[in-house]
Amino acid sequence: MFDIGQGDSLLIQQPFNRHNLLIDTGGRLALPQEKWQRRQIVSRAEKVTVNYLYSCGIDHLEAIALSHQDADHIGDLNEIMQHIRVKRLICAAGLPQNRQFQRQVRPHLTKVAIEPYLADQHFMIGHQQINVLAPVVAGPGGNADSLVLQTQIGGASWLFTGDLEKAGEVAIVDRYPQLRVDYLKVGHHGSQTASDPQSIATWQVKGALISAGRHNRYGHPHAATLQTLKRANVPFWNTADCGMLEWRYGFGQVPMIKTTLKDCD
């Protein structure tokens, strides 16, 4: 999970860099500024994500999965695609009809395939199956339409929820009653609108990752969300406190969350 401020961006890196999936790109929200405040800003995707990919010898991605329309999730898509070759854009059905999304991807349509999905479908990244759990119906690309992905990595079940809120989490519990989650990408940056306590308990979550900006204006993660995780005895890691979060698997690896700033256990 990249430390890109107030936003989401995660990399699933497969052995030998043959097939890698980026989930969201991060991006800055366009806040009103006075003329004197405007200046050329290098995106966090360029400073953090692209530099990290290059340092790992990654110059192409099998796919980028875009959870929904919000700028803090896909605002840096253009910056990523200017530096990294991408074969496929994965998204929720309905998002390709969003006019803002259409403007964003138009420059890249000749070199990338757009693949929309709904719940109960799946796609492959190399030999890894990625299951789509939401949305159930096509929507305009808001929080409730977030593309929710589940997959097995190194014997652990991972759930990536975008900005899905409590009602959407409950719907997933109802639709997939057998679902268990070892690691949860906490919805909506730890907002109190997400992380339904009953859903957390039903999934039997063992660890939670939160992507939020330091001293962000939204107060993410919310105290109520952190209390929900504590009451469920779920350890959590927040990029605002820990920096980039990394989990490795494979021969000789002890599965654990590693951080770039300090040990947050």
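The values are calculated or read from the model by the stated rules, or taken from the named source; none is laboratory data. Note that the coordinates shown come from a computational prediction; the quantities given were computed from them, not determined experimentally. Cβ placement follows ideal geometry from the backbone for every residue including glycine, while neighbour counts extend to all protein chains displayed. SASA here: full protein model, heavy atoms, side chains in, ligands and nucleic acids out. Shrake-Rupley method; radii C 1.70, N 1.55, O 1.52, S 1.80 Å.
Quick look at the values:
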read-out	value
Residue among ASN143, ASN233, ASN238 that alone is among the polar types (S, T, N, Q), under 14 Å from ASP8 (Cβ atoms) and open to solvent by 30 Å² or more (accessible area, probe 1.4 Å)	ASN143
Enumeration of residues in region 109-128 that are of a type outside the set (A, V, I, L, M) and either open to solvent by 10 Å² or more (accessible area, probe 1.4 Å) or assigned to a loop (DSSP other than H, G, I, E, B) (or both)	THR110, LYS111, GLU115, PRO116, TYR117, ASP120, GLN121, HIS122, GLY126, HIS127, GLN128
Given (1) out of contact with any Gly (no Cβ under 6 Å at 6 or more places or on another chain); (2) surrounded by 15 or more Cβ atoms within 10 Å (Cβ to Cβ); (3) of a type outside the set (S, T, N, Q), index of the condition ASP72 fails	(1)
Residue within region 191-199 that is open to solvent by less than 40 Å² (accessible area, probe 1.4 Å) and farther than 29 Å from GLY139 by Cβ present	no
Residue satisfying condition, being touching a Pro at 6+ places or on another chain (Cβ under 6 Å) and either modelled with pLDDT under 95 or at negative phi (or both), within set ALA92, ALA65	ALA92
Flag for LEU184 being modelled with pLDDT of 95 or more, assigned to a loop (DSSP other than H, G, I, E, B) and either open to solvent by less than 30 Å² (accessible area, probe 1.4 Å) or in contact with a strand residue (DSSP E or B) (Cβ under 6 Å, 6 or more places away or on another chain) (or both)	no
Answer from VAL205, VAL173 - the residue that is open to solvent by less than 40 Å² (accessible area, probe 1.4 Å), in a loop (DSSP other than H, G, I, E, B), over 25 Å from ILE74 (Cα atoms) and not aromatic (Phe, Trp, Tyr)	VAL205
In region 16-52, residue nearest to the chain's Cα centre (by Cα) [restricted to those that are at pLDDT below 95, assigned to a loop (DSSP other than H, G, I, E, B) and polar (S, T, N, Q)]	SER43
Looking only at region 78-103, and only at residues there that are assigned to a helix (DSSP H, G or I) and out of contact with any helix residue (DSSP H, G or I) (no Cβ under 6 Å at 6 or more places or on another chain), the one that is least open to solvent (accessible area, probe 1.4 Å)	PRO96
Qualifying residue in region 164-174 (condition: of a type in the set (Asp, Glu), closer than 21 Å to HIS122 by Cα and without any contact (Cβ under 8 Å) to a residue 40 or more places away in the chain)	yes
Condition check for LEU66: among the aliphatic types (A, V, I, L, M), touching a residue at least 60 places away in the same chain (Cβ under 8 Å) and more than 19 Å from GLN13 (Cβ to Cβ)	no
Region 224-243 residues that are in a helix (DSSP H, G or I), paired with ones that are basic (Lys, Arg) and open to solvent by 60 Å² or more (accessible area, probe 1.4 Å) (beta carbon under 9 Å, 6 or more apart)	THR239/ARG214; ALA240/ARG214; ASP241/ARG214; ASP241/LYS262; CYS242/LYS262
So LEU149, is it in contact with a helix residue (DSSP H, G or I) (Cβ under 7 Å, 6 or more places away or on another chain), part of a strand (DSSP E or B) and either modelled with pLDDT of 95 or more or within 17 Å of ALA208 (Cα to Cα) (or both)	no
